[in-house]
Amino acid sequence: MDGYRSGFACFVGRPNAGKSTLTNALVGTKVAITSSKPQTTRHTIRGIVHREDGQLVLVDTPGLHRPRTLLGQRLNDLVRETWSEVDVVGFCVPADQKVGPGDKFIAAELEKVAKRTPVLGIVTKTDLVSPQQVMEQLLALQKVMEFAEIIPVSAVDGFQVDKLSDLLLGKLPEGPQLFPDGDLTDEPEQTLVAELIREAALEGVRDELPHSIAVVVEEMEPREGRDDLIDIHAFVFVERPSQKAIILGHRGERLKQVGMEARKQIERLLGSRVYLDLHIKIAKDWQRDPKQLRRLGF
């Protein structure tokens with residue numbers, strides 16, 4: 001097909017800069033988990049944008065941050081590895097937060113790849129501030145590094161999301177379709193299910209918990225003799241007994257709530273009824289232990 005473009009793009013930025021929400025808005029459905037807690041994304045979930053004139057594969061990376069644990073270090077390595085392999089990078093800075101040292105740290109890293117990979121500056125969450133503040137943020141971002149383009153967007157009200165899609169696609173090489181029509185992500189369903197459970201477990205828990213939660217789906221298969229029900233058995237791993245108590249809640253109420261919320265999202269994803277069996281396990285200090293990190297899929 002003449003002029004058809006295809007390739008990979010990734011969004012980078014400080015934790016909680018709106019990268020996952022933007023990925024979901026571009027793909028048109030929920031493929032990356034979102035949460036108001038930083039450090040939500042741990043796997044490079046790929047969202048696939050299908051267009052008449054091309055195919056844009058979005059790689060969603062964890063937020064780059066100054067690492068305090070082995071897990072943090074591995075996540076940062078993953079980000080840098082991703083940057084070196086994509087065709088275009090979108091650097092996300094939220095409109096409602098001042099450009100700070102964290103952004104400059106990322107920009108300094110990005111300048112190393114900018115020689116061979118175009119970098120777009122993206123001001124996200126424009127729905128949260130006045131047009132004047134958006135203008136000021138665009139000017140502040142311009143001073144951080146030299147971008148191929150700069151664009152303000154809002155994933156929430158759809159402002160300029162299509163325009164961003166055009167800009168990203170324009171930076172891709174000409175080439176054939178990479179994934180079949182209708183595919184929205186190349187992540188195995190089990191990974192997505194684990195992420196949805198983790199998202200539900202993160203909602204409403206205290207700030208010290210996000211980093212300490214990992215989810216492993218042990219088993220996922222249709223119930224014998226029924227084609228309308230999938231049985232899922234999963235473990236939520238935490239690092240300490242006190243964290244287990246927080247997630248369990250009073251008389252197990254919180255865990256029940258997590259299960260209900262996750263089940264709704266999983267049923268939407270799989271298009272089938274689901275029986276979800278959730279248990280909490282303690283894996284002491286797993287974020288600092290290479291063996292446990294491997295076992296939990298990092």
Exercise. Going by C-beta contacts inside 10 Å, put 21, 124 in order with the fewest on the left.
Key: 21, 124
Exercise. Mind pulling the per residue volume of the convex hull built on the Cα atoms of the chain? Å³ is fine.
Key: 140
Practice problem: With a Förster radius of 51 Å, plug the Cβ-Cβ distance of residue 136 and residue 4 into 1/(1 + (r/R0)^6) and report the FRET value to the nearest 0.05. | Solution: 0.85
Self-check item: Where the Cα pairs of the stretch 77-200 fall when distances are cut into 5 Å bins, in %
Solution: 2, 9, 16, 17, 19, 18, 12, 6, 1
Quiz item: If r is the Cβ-Cβ distance from residue 233 to residue 68 and R0 is 45 Å, what FRET efficiency results, to the nearest 0.05?
Solution: 0.90
Exercise. Take the alpha-carbon centre of the stretch 253-298, take the same for the stretch 62-108, and report the distance between them in whole Å.
Key: 26
Quiz item: Could the peptides 87-100, 132-145 be put in order, highest first, of the mean number of other beta-carbon atoms found within 10 Å of their residues?
Solution: 87-100, 132-145
Quiz item: Using 7 Å Cα-to-Cβ label points, what is the residue 203/residue 260 separation (nm, one decimal)?
Solution: 1.0
Quiz prompt | Cα-Cα over 27 Å, subset of 112/284; 19/163; 264/291; 143/163; 256/284; 98/163 | solution = 112/284; 264/291
Quiz prompt | Highest-MSF residue in the chain out of 213, 282, 48 [GNM, Cα springs under 10 Å] | solution = 282
Quiz item: With each label point set 7 Å from Cα along the Cα-Cβ vector, what nm distance links residue 219 and residue 51?
Solution: 4.6
Self-check item: Rounded FRET efficiency, nearest 0.05, which uses the C-beta distance separating residue 143 from residue 272 and R0 of 41 Å
Solution: 0.20
Quiz prompt | Per residue Cα convex hull volume in Å³ - calculated over the stretch 189-295 | solution = 97
Quiz prompt | Degrees, to the nearest 10: 101-114 long Cα axis against longest axis of the chain | solution = 70
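FYI, it's all coordinate maths here, none of it is from the lab. The structure presented is a predicted model; accordingly, all values stated were derived computationally and were not measured. Every residue, glycine among them, receives a Cβ derived from its backbone with ideal geometry; neighbour counts consider all protein chains shown.
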